[in-house]
Amino acid sequence: MKWLFCLPLLLLLSACDGGLWNNPYPAADKGRPIYYSAFTERPKHLDPAQAYSENEYIFLAQIYQPPLQYHYLKRPYTLVPQATSAMPVVHYLDKDNRPLPDDAPAGQVAFSVYEIHLRPNLRYQPHPAFALDAQGKPEYQALTAKDLRNIYALNDFKHSGTREVSAADYVYQIKRLAHPDIHSPIAGLMAEYIVGLKDYAAMLQKAQKAHPAAFLNLHDYPLEGAQAVDEHTYRIKVYGKYPQFVYWLAMPFFAPMPVEADRFYAQDGMREKNLTLDWWPAGSGPYYLSENNPNQRMVLTKNPNFSGEFYPAEGEAGDREAGLLVDAGKPLPLIEQVVFSLDKETIPYWNKFLQGYYDASGISSDSFDQAVQVNVGGEANVTDEMNAQGITLSTSVATSTMYMGFNWLDPVVGGDSERARKLRRAIAIAIDFEEFISIFANGRGIAAQSPIPPGIFGYRDGEAGINRYVYDWVNGAPKRKTIEEARRFLAEAGYPNGLDEKTRQPLVIYLDTTATGVGNKSRLDWLRKQFDKLNLQLVVRSTDYNRFQDKIRKGDTQLFYFGWNADYPDPENFLFLLHGAQAKVGKGGENAANYSNPEYDRLFEQMKNMPNNTARQKIIDDMLEILRRDSPWLWGHHPKDYVLRHSWLYNSKPNKMANNNLKYLRIDAAQRDELRKQWNQPVLWPLWLGGFALAAFIWWFWRALRQREEAR
Amino acid sequence: MIAYLLRRILYAIPILIGVNLLTFALFFVVNTPDDMARMQLGIKRVTPEAIAKWKQQHGYDKPLLFDARAEGASKLTDTIFFEKSASMFVFDFGYSDDGRNIAREIQTRMMPSLAIALPTFFVGLFIYITFALLMTLFRATALDIAGVALCVLLMSVSGLFYIIGGQFVASKLWHWVPISGYAGGMDSIKFVVLPILIGVIGSVGASSRWYRTIFLEEIGKDYVRTARAKGLSELRVLFRHVLKNAMIPILTGVVVVIPLLFMGSLLTESFFGIPGLGSYTIDAINAQDFGVVRAMVFLGSVLYIAGLILTDISYTIVDPRVRLQ
């Protein structure tokens, strides 16, 4: 029986790789430049036409190669070529397709044509879809059930191949946005812009209906708005002037897609094995997905066919001093492999980072005090404990805004009346978002003065950028107006001391939120307290996600929490959230507050097609003034991201717009191995102590048993 | 016995239909097909056309239970309920709403769940029974009282505490095993040792007390007195005679859970990063993925019924007087 007690220990020792006992990675990884990270939620889609979430882009942005990308180091965010030899050239045409000058007013421009020249020698990752047999014919394009019997992953195919990326592949992907079997989230939006895309979807549907079993080769169906000119050049034709279109060209929606891959996955029996384009990408980016187990780990491996991209030679001020230009000119990517492990819980994730098994980490609220200390000047630094481990901190303001919206259609808080405006303004003063950030976000955020976050054109720093309806500029910093002032506005709105002038009943404001449970109670209690300052009653209507979305769509709310992450770094992507034509109610847009102001809408139309210059800034200033006066949102805050990284990780710089950052990172694997060894030596005395205790117990027990038997 | 088993299997069919209907009703009371589409399509830029297209493609554009506009049997068969449920009776689970093959997913996730559940179950059973027998052996002594007190103490601590405390001590403080993660084959051992240990310790209190009660009831019976009178040692009396005669109540509680071991444990798998089935259903409920929810509830029901049948069969093995008719 004794062997049973020793079994776990024996098994444990047999499983040890001769290295550290708590190392979750194989011994073969030792010394290799591998970047270790984690993901908390499995990606839903890996098809570049469908994926639109951050947890999907973290993989896709490394695998696919859209035409453009954001400069890794420069700020403000700047688009630069990725797969192209230069930035796209734009030509404007009138309604009869006659060329217009580059400075033609937006009203005259009927079409914009983007001509895109690809770099030569871009090649796809090794993929069985490109494999050729001895006769030079595709090897895996006519697979039978027998061929697929033992195939469960792409690695199970014996052969793979590659080919050069062509302009036609980029056109093919644009056409896929309208494919009847694909739910591209931007299909509706792009159908409004790309010429012919709306009708193209109907054409494909008809073609599919006519031959439901046949593979739908999109090359056979021309699209006016996307055409290949030659092997390395293609054109995209969009309606009107849409300067923001170039930003979409930096997203995986516009990455190349080889028809071979589409045809390969369309074969019978592939879907049953989870072999789909939505699961096994076929890209030309710096990495390819070599292991795909979203329940455990996902591994990106350097694409051996990737070339022609180099670490940037210039950045913003301070980058050289920070060592971010040491690798200037080196071919990318700098690390061999990226291993993402699934870690749903924050405690194991955090501890693995501290043990050196993750190279970088965010900071959860639970670990914040252990990781970060804020000095008297308000500057955040790592604690001494982190410092001793060589961990450094970088912070950046996210290109996001988290706000509370008033429903413009609500008879109490909504609408354009002076009464409602003053009521909203009073509430805006009373809700102290600085306090909220301090209590609930550990200071990780800045109180918003408008929808536009820092780093986006149109944002103004300092006195010029404050919301004068809520703040005063005092001693070089914004200071929230006093609660007395808020009460004065409230009285002028017809609610002296929070009571309705006519009915003498307290004013009740209803908050619709998905925040439920114990975890959110403190936040909601804090919010009630803010309303208490004005003697207003806040009633929280907690609801599930579905009902909340439904209420928002129908306009059955009064006050609600919402947020927005930028698609691209342009003020249009934030200001459109308050454009009348984007109202949720009736129009199904993104304006959840249903705000409507004709003057604002007019200025928006004027601003959206302009280049970033002083004239555009002036219009944005005017628009923000209207918004601040009307106060359809409580402007909330722009979150600040804190990232910790170990000393062996180089070239890490937060870039809130780009997702393809892994190719720039460098790892000193020898230093990591050495430090891991120092930090993770197994502590053996408890094993010895436990062994002795167990032996002593067995001896004592045996003695007691014998005495008992003898006594009988 | 075969007739009995066939009868039990036939009884299972209406039960499974009922479970299916109940799952369907509960799911669609909370979620509409539109909600499901929105959940899959995301928050940003979702158009009504995209929702309609998603529903049509996933078969959620039909009436839920009854199609009044259809003719004949189609009134019942041309519905979401029929189309999503009928295939499950031949164990064709179809696809999740994000397009993955559910059967394949279950196959992949089952092994990691079993890698923890089976050792936890069998090692645990051995330890609980041994501990309970020893407490019975030393009944009414200080050792028994200390054992019972220890059981009560262990029962009173939350399972989450064992997990977090175990991770803190064994992984963070002493660096014995990885704090979370998983690997296939022999490499899995170092990842599953701690969850197994915690799983066993977490249930020691309740299980050992339960078995102790069973054994104490047995120990007063005549056959035990006879065995002692024959001069058998106390250990032999307990492990040979008392244990054998206490098997019926033990099997009642034990055999029924064996098939359910496939379903894994949500908390353990989540904290230890084990890619098992434990979180599959919960993730599916959160993602409003009806395909996965119905498949997992159906599978759980089938396994539970199988567990009950196995329990009945096990009675006949341990007690020859029991006959299944």
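The values are calculated or read from the model by the stated rules, or taken from the named source; none is laboratory data. Only a predicted model underlies this, so the values are computations on that prediction, with no experimental measurement involved. Cβ coordinates were reconstructed from backbone atoms using ideal geometry, including for glycine residues, and neighbour counts include every protein chain displayed. We work out accessible area using only protein heavy atoms, side chains counted, and drop any ligands, DNA or RNA first. Shrake-Rupley method; radii C 1.70, N 1.55, O 1.52, S 1.80 Å.
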| query | Which one of these is assigned by TED's automatic domain parsing to the domain that holds A:R553 and farther than 24 Å from A:W564 by Cα: A:A420, A:A371? | reply | A:A420
| field | Members of the stretch A:112-141 that are over 28 Å from A:T301 (Cα atoms) and open to solvent by 80 Å² or more (accessible area, probe 1.4 Å) | value | A:Q135
| Are there any pairs, at least 6 apart or on different chains, whose C-beta atoms fall under 7 Å, with the first in the stretch A:186-200 and in the same structural domain as A:Y247 (by TED's automatic domain parsing) and the second of a type in the set (A, V, I, L, M) and assigned to a strand (DSSP E or B), and if so, which? | A:Y193/A:V238; A:I194/A:A226; A:I194/A:I236; A:I194/A:V238; A:V195/A:V238; A:G196/A:L223; A:L197/A:L223; A:Y200/A:L223
| query | With A:A210, A:A261, A:A167, A:A153 as the choices, which residue is open to solvent by 40 Å² or more (accessible area, probe 1.4 Å) and either touching a Pro at 6+ places or on another chain (Cβ under 8 Å) or not aromatic (F, W, Y) (or both)? | reply | A:A210
| message | From the list B:I102, B:I80, exactly one residue is touching a strand residue (DSSP E or B) at 6+ places or on another chain (Cβ under 8 Å) and open to solvent by less than 20 Å² (accessible area, probe 1.4 Å). Which is it? | response | B:I102
| Where A:A202 falls short, out of the listed (1) at pLDDT below 95; (2) within 21 Å of A:Q65 (Cα to Cα) | (2)
| request: For the stretch A:156-187, enumerate the residues that are within 14 Å of chain B (Cβ to nearest Cβ) and part of a helix (DSSP H, G or I). | output: A:D156, A:A187
| Under the condition of being under 14 Å from B:E217 (Cα atoms) and within 12 Å of another protein chain (Cβ to nearest Cβ), which residue from the stretch B:136-149 is least open to solvent (accessible area, probe 1.4 Å)? | B:L137
| task | Residue by residue through the stretch B:271-299, note down the ones that are in contact with a strand residue (DSSP E or B) (Cβ under 8 Å, 6 or more places away or on another chain), surrounded by 22 or more Cβ atoms within 10 Å (Cβ to Cβ) and either among the acidic types (D, E) or under 18 Å from B:V90 (Cβ atoms) (or both). | result | none
| said: Step by step: first the residues of the stretch B:221-235, then only those that are under 23 Å from B:I250 (Cα atoms) and modelled with pLDDT under 90, then the one that is surrounded by the fewest Cβ atoms within 10 Å (Cβ to Cβ). Which residue is that? | reply: B:L235
| Would you say A:A261 is at pLDDT 95 or above, within 21 Å of the chain's Cα centre (by Cα), assigned by TED's automatic domain parsing to the domain that holds A:H127 and farther than 30 Å from B:S113 by Cβ? | no
| Which listed residue is among the acidic types (D, E), more than 14 Å from chain B (Cβ to nearest Cβ) and farther than 23 Å from A:W408 by Cβ, from A:D544, A:D532 | A:D532
| request: Could you please tell me which pairs satisfy a Cβ distance under 7 Å, a separation of 6+ or placement on different chains, a first residue in the stretch A:510-534 that is farther than 19 Å from A:K422 by Cα, and a second residue that is among the charged types (D, E, K, R)? | output: A:D512/A:R541; A:D512/A:K551; A:T514/A:D544; A:A515/A:R523
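Here's the yes/no breakdown for (1) more than 13 Å from every other protein chain (Cβ to nearest Cβ); (2) under 24 Å from A:P348 (Cβ atoms):
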{"position": "B:P195", "(1), (2)": "no, yes"}
{"position": "B:G202", "(1), (2)": "yes, yes"}
{"position": "B:R236", "(1), (2)": "no, no"}
{"position": "B:K244", "(1), (2)": "yes, no"}
| said: Can you list residue pairs whose Cβ atoms sit under 9 Å apart, with the first residue in the stretch A:301-324 being at positive phi and modelled with pLDDT under 95 and the second being of a type in the set (D, E, K, R) and part of a loop (DSSP other than H, G, I, E, B)? Count only pairs 6 or more apart in sequence or on different chains. | reply: A:G308/A:R119
| request: From the list A:F701, A:F692, pick out the single residue that is part of a helix (DSSP H, G or I), free of Cβ contacts under 8 Å to residues at least 40 places away in the same chain, of a type in the set (F, W, Y) and open to solvent by less than 50 Å² (accessible area, probe 1.4 Å). | output: A:F701
| task | Go through (1) farther than 14 Å from B:V293 by Cα; (2) open to solvent by 40 Å² or more (accessible area, probe 1.4 Å); (3) within 11 Å of chain A (Cβ to nearest Cβ) one by one and return the number of the condition B:R7 breaks. | result | (3)
| task | Give the number of residues within the stretch A:630-673 that are outside any loop (DSSP other than H, G, I, E, B) and under 19 Å from the mean Cα position of the chain (by Cα). | result | 12
| field | Selection within the stretch B:156-184 - at the interface with another protein chain (Cβ under 7 Å from one of its Cβ atoms), part of a loop (DSSP other than H, G, I, E, B) and over 21 Å from B:S113 (Cα atoms) | value | B:W174, B:H175, B:W176
| Within the stretch B:44-83, can you find the residues that are touching a helix residue (DSSP H, G or I) at 6+ places or on another chain (Cβ under 6 Å) and of a type in the set (D, E, K, R)? | B:R45, B:K55, B:D61, B:K62, B:D67
| query | Which members of the stretch A:54-77 meet the condition of being touching a strand residue (DSSP E or B) at 6+ places or on another chain (Cβ under 7 Å) and surrounded by fewer than 20 Cβ atoms within 10 Å (Cβ to Cβ)? | reply | A:N55, A:H71
| field | Selection status of A:G563, under 30 Å from A:G498 (Cβ atoms) and within 12 Å of another protein chain (Cβ to nearest Cβ) | value | yes
| field | Residue, nearest to the other protein chains (Cβ to nearest Cβ), within the stretch A:272-324, restricted to residues that are of a type in the set (A, V, I, L, M) and open to solvent by 30 Å² or more (accessible area, probe 1.4 Å) | value | A:A322
| request: Give the stretch A:155-176 a look and list any residue that's more than 30 Å from A:I116 (Cα to Cα) and either in contact with a helix residue (DSSP H, G or I) (Cβ under 6 Å, 6 or more places away or on another chain) or of a type in the set (F, W, Y) (or both), or say none. | output: A:F157
| request: Please give the helices (runs of 4 or more DSSP H) falling wholly within the stretch B:26-92 in which 3 or more residues are more than 23 Å from A:N546 (Cβ to Cβ). | output: B:74-77
| field | Complete set of residues in the stretch B:112-131 that are within 11 Å of chain A (Cβ to nearest Cβ) and closer than 28 Å to B:D289 by Cβ | value | B:P112, B:S113
| message | Regarding the stretch A:326-346, can at least one residue be identified that is away from every other protein chain (no Cβ under 14 Å), among the charged types (D, E, K, R) and open to solvent by less than 30 Å² (accessible area, probe 1.4 Å)? | response | yes
